Each structure stands twice: as structure tokens, then as C-alpha cells.
Amino acid sequence: MKTKLTELLGIEYPIIQGGMAWVAEHKLAAAVSEAGGIGLIGAGGAPAVFVKEQIQKAKELTNKPFGVNLMLMNPEADEIAKVIVEEGVRVVTTGAGNPGKYMAMWKEAGIKVIPVVASTAMAKLMERAGADAVVAEGMESGGHIGSLTTMALVPQVVDAVSIPVIAAGGIGDGRGLAAALMLGAEGVQMGTRFVVAKESIVHPNYKEKLLKAKDIDSEVTGMSTGHPVRSLRNKMTKEYLRLEKEGAGFEELEKLGLGALRRAVMEGDVVNGTVMAGQIAGMVSKEQTCREMIEEIMAQAEELLKGATDRV
Ligand code: TUI
């Protein structure tokens, strides 16, 4: 399938893997790139030396292009932005902020820069700053989210900018990809589905909780702190929401969240940890290799798109 995204990145399929903190490490990124999409190493809250190591390990696993997601609240964001250049990374996506101050350095190095945005204003700002494309991420996504749904956000971003738009949030199969293309997107970013990939290193407890999850099992915490996060309901989300309702302060809440994602992903504590996942969790029902997932998604999308003329 050829789209402006496959052309821009020189990849086979218009599928970007979400830059999920702790989850998106080098094995997952390399597997997605090897399968014809573009894999990303998620810097999350990790130190720059760790990200550098991850990039080097990914290079040992694939000759295909892969990228790094820079989560802009990372205290070492400045250092990681430089590591990305030093290591010759080809693609960068950013999340949870404005990557404007790194744009000139990255563009000079020939890096394709694709900020994740949750509004048309941010999309326009990023286009003016020199972004090659944007990911328009709806609130169906797991993790840190904006307030618009994918269905409402994507076409409005498509109308607002001339660079390619990639749809994200609530997309987990070929139906989602086909629908995103109909909204004017040039590809999709998917996270939640890849969490249960065979190449994903997340703790088996996390995978099991995701595989068992139903449509209504995710919840948004942190509305009151200005950092809303979607994750699967558990003791942690219940406690967090209770404290928010009681008017707990920013610091107390942030302390509760600190390290909670790592606890779930690495230690398998899916009771007191944060099990980030998107609203498509109920659609994720089997562990497959990244190649199997991508081939299944592409076959389904192609069949739907070819059959679409039957309706008109
Ligand atoms: O970044 C994400 N998703 C994430 S980051 C993350 S790590 C984390 N862990 C605990 C608490 C908070 C974060 C987990 N999931 N998605 C991309 C995304 N970016 N969604 C929304 C935004 C966004 C929001 C505001 C982008 C730009 C923005 O601009 C604000 C500004 O600076 O003007």
C-alpha cells in the first residue's frame, strides 16, 4: 500500500508503532520495522544513556529504518534529543509537549520529525516549525491523552495542515486503518495491539490483563492535574480517582503515579501499577508476532477498501 507516509519514510506499510514508555524497547521496535511498518523505541522517562543503548541494540536487529519517541516531560529530554542525532536515528516522534526547540537540530540532521498532537492548533504550530508529518492522537489512546476523539480530531487536523496526518487512538485492526484513510489520514499509529505482540517484553500479567479486558475496562485518571492518563481499571486507578474526588493536591497524586507504569510493565504488578491501554483493549484477543499482526491488518484493510465501491 502506497501513501504519503510510506513514501516519506521508505516503508512498506503505513503503520507506525506507538512510542510506549517501558513497553516500546528495541526488540519490539525492530520487529515492527522488520515486518514493514516503522518501529519506535519509546524514551518514556528513561535516562539518555539507556536510550542510546536501546538504539544501538535495535541497529543490531534490523537494517530497516526505525525511530525514537521522545516523551517531552522526560527530565533528560535535551540529552536524548542529541543522542537521536548522534546515533543517526531516521525518524522521531514526540509526545506530551511541544518539541519546537529541537526542530532545527533534527531537521539539519535530515531526521524525519513527526510530533504527536491532540489539537489543530498544535498541528499548525508543528507544521510551521518544520514537521514532516503529525500524528493526530485521539483520547481513545492509552497513556497521556488530549480531549478530542479520533473521529473528530483527524479530519479537522487534515483540513488544518498540508503535511501528512497519521491517525491514532482507537485503531487496532484493518477496519481502523481503512476508516483512518477515509478520514484523510496517510497512515495509522497503533500502540495497544502491539503490547501483546510475541516480541513485546511486557510482563505476562500485563499481557493477560489486556487480553482479558473488555470495551469499558479503561479509565482516565489525572484530569485534575492536567495530565490525563488512560489505563485499565484496577486498585491503582480506583485509589487515584478517589483521591482526585477528595481534592488531593498535584504533588500527592503525582507521587502515586510515580514508577507505577514500570511496576506494571516490568514487575507485573497489575493491581497497584498503572496498566496503560487504549479503548480498543477489548479487541485485543490474541498474542501474535508483529509480522502476523501487520499482515492481518493490511489484508483486512485492503479487502475493505477494495469492496468499498460496492456501496456507491
Ligand atoms: O505522549 C503521549 N502518550 C503518553 S506519554 C506517557 S508517559 C507518562 N506517564 C505518566 C504520566 C504522564 C505521562 C504515556 N503516554 N501521547 C502523545 C500525546 N501528546 N498525547 C497528547 C499530547 C500532547 C499534549 C499537549 C501534545 C502536545 C501538547 O501540547 C501542550 C503544549 O505544550 O502546548
### Message
Looking for something touching a Leu at 6+ places or on another chain (Cβ under 9 Å), touching a residue at least 60 places away in the same chain (Cβ under 8 Å) and either in a strand (DSSP E or B) or of a type in the set (S, T, N, Q) (or both) - is there at least one such residue anywhere in the range 154-166?
### Response
yes
(message) For the range 265-282, check the following and say yes or no: at least one residue is surrounded by 16 or more Cβ atoms within 10 Å (Cβ to Cβ), aliphatic (A, V, I, L, M) and more than 21 Å from V23 (Cα to Cα).
(response) no
Checked the range 260-303 for anything among the aliphatic types (A, V, I, L, M) and more than 19 Å from the chain's Cα centre (by Cα); matches are V270, V271, A299, A301
Looking for something within 11 Å of the ligand (Cβ to nearest atom), open to solvent by less than 70 Å² (accessible area, probe 1.4 Å) and closer than 13 Å to G142 by Cα - is there at least one such residue anywhere in the range 242-254? no
Per the list (1) surrounded by 14 or more Cβ atoms within 10 Å (Cβ to Cβ); (2) within 13 Å of the ligand (Cβ to nearest atom); (3) of a type outside the set (V, I, T), residue check on R233 breaks on (2)
Please verify whether E60 is in contact (Cβ under 8 Å) with a residue 12 or more places away in the chain, closer than 22 Å to V32 by Cβ, away from the ligand (no atom under 16 Å from the Cβ) and open to solvent by 10 Å² or more (accessible area, probe 1.4 Å), treating the condition exactly as stated. no
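Rundown of residues vs (1) within 20 Å of V32 (Cα to Cα); (2) within 15 Å of the ligand (Cβ to nearest atom); (3) touching a Gly at 6+ places or on another chain (Cβ under 6 Å), yes/no style:
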residue	(1), (2), (3)
A133	yes, yes, no
S141	yes, yes, yes
A168	yes, yes, no
G174	yes, no, no
G184	no, no, no
T192	yes, yes, yes
T221	no, yes, no
E239	no, no, no
Expected output for the range 116-129 (first residue touching a residue at least 40 places away in the same chain (Cβ under 8 Å) and open to solvent by less than 40 Å² (accessible area, probe 1.4 Å), partner more than 12 Å from the ligand (Cβ to nearest atom) and part of a loop (DSSP other than H, G, I, E, B), Cβ below 8 Å, 6+ apart or cross-chain) is A123/V161
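The values are calculated or read from the model by the stated rules, or taken from the named source; none is laboratory data. As the structure is a prediction and not an experimental result, all values here were calculated from the model. A quick note on method: Cβ atoms are made from the backbone with ideal geometry, for glycine too, and the neighbour counts reach across all protein chains shown. What goes into the accessible areas is simple: the full protein's heavy atoms, side chains included, and nothing from ligands, DNA or RNA. Shrake-Rupley method; radii C 1.70, N 1.55, O 1.52, S 1.80 Å.
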